[in-house]
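S.K.: Provided herewith is a single structure, encoded as structure tokens, for subsequent inquiry.
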Amino acid sequence: MNKPVIATTSLAGCFGCHMSILDIDEKFLELIELVEFNKSPIDDIKTFTKPVDVGIIEGGCCNSENIHILKYFRDNCKILVSLGECAMMGGLPAMRNTIPLEECIKEAYLNGPSTVNEEKILPNDEELPIILDKVYPCHEIVKIDYFIPGCPPRADLIWDALLHLATGKKLELEYESFKYD
Ligand code: SF4
């Protein structure tokens, strides 16, 4: 029997949600018996090699590359899941949303207390992604099917969610199972 296929990615996040996936510890051995991982930092597969059942997104969208990857996941995954606060609401990176982008760039590259940039050079290369006016949660860019809250979501919550998504069972979440710290 074919195993359900899972893919994951990190957009504007800190990889804490991926660390929380790894925090299921020895259950990871059970997980890889039940599912197959495709494109993911977990196995370092860089591009989709087959259709994916469940795509898991960490982080929101702060630049054009994030948007491109998110749409790539939406096009290749039957179910798309926002994992954690950054994917669901923008999270910490969205703290810049109240500050004009130009001011953010000046603070980062010209005026920051530890910045040394005497020639006042700003990043300007066509290879670099374009920074968006603000940080967007994933569901404002593409349709998201499920949300797993927390910063990061607890490992046992991720385990339950993956198990239910992989087996197609409905998952009811108790509010107490959410973790924010
Ligand atoms: Fe990191 Fe929290 Fe964002 Fe996950 S939700 S990427 S742990 S800041």
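The values are calculated or read from the model by the stated rules, or taken from the named source; none is laboratory data. From a predicted model like this one, the values you see are computed outputs, not experimental measurements. We place every Cβ from the backbone using ideal geometry, glycine too, and count neighbours over all the protein chains shown.
S.K.: Restricting attention to region 128-157, which residues are within 15 Å of the ligand (Cβ to nearest atom) and aromatic (Phe, Trp, Tyr)?
M.R.: Those that are within 15 Å of the ligand (Cβ to nearest atom) and aromatic (Phe, Trp, Tyr): Tyr136, Phe147.
S.K.: Now for a different question. Would you call Asp145 closer than 18 Å to Asp23 by Cβ, touching a residue at least 12 places away in the same chain (Cβ under 8 Å) and surrounded by 12 or more Cβ atoms within 10 Å (Cβ to Cβ)?
M.R.: no
Residues checked against (1) at pLDDT below 95; (2) over 22 Å from Ile144 (Cβ atoms); (3) within 16 Å of the ligand (Cβ to nearest atom):
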{"position": "Ile57", "(1), (2), (3)": "no, no, yes"}
{"position": "Asn66", "(1), (2), (3)": "no, no, yes"}
{"position": "Asp75", "(1), (2), (3)": "no, no, no"}
{"position": "Val81", "(1), (2), (3)": "no, no, yes"}
{"position": "Gly84", "(1), (2), (3)": "no, no, yes"}
{"position": "Pro93", "(1), (2), (3)": "no, no, yes"}
{"position": "Thr98", "(1), (2), (3)": "no, yes, no"}
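S.K.: So which residues in region 110-133 are part of a strand (DSSP E or B) and in contact with a strand residue (DSSP E or B) (Cβ under 8 Å, 6 or more places away or on another chain)?
M.R.: Residues satisfying the conditions are Ile131, Leu132.
S.K.: Within the bounds of region 101-122, is there any residue that is of a type in the set (A, V, I, L, M), touching a helix residue (DSSP H, G or I) at 6+ places or on another chain (Cβ under 8 Å) and within 12 Å of the ligand (Cβ to nearest atom)?
M.R.: No: zero hits.
S.K.: Looking at Asp43, is it more than 14 Å from Leu165 (Cβ to Cβ) and in contact with a Phe, Trp or Tyr (Cβ under 7 Å, 6 or more places away or on another chain)?
M.R.: yes
S.K.: Could you check region 158-181 and list, in sequence order, the residues that are within 12 Å of the ligand (Cβ to nearest atom) and at pLDDT 80 or above?
M.R.: Ile158
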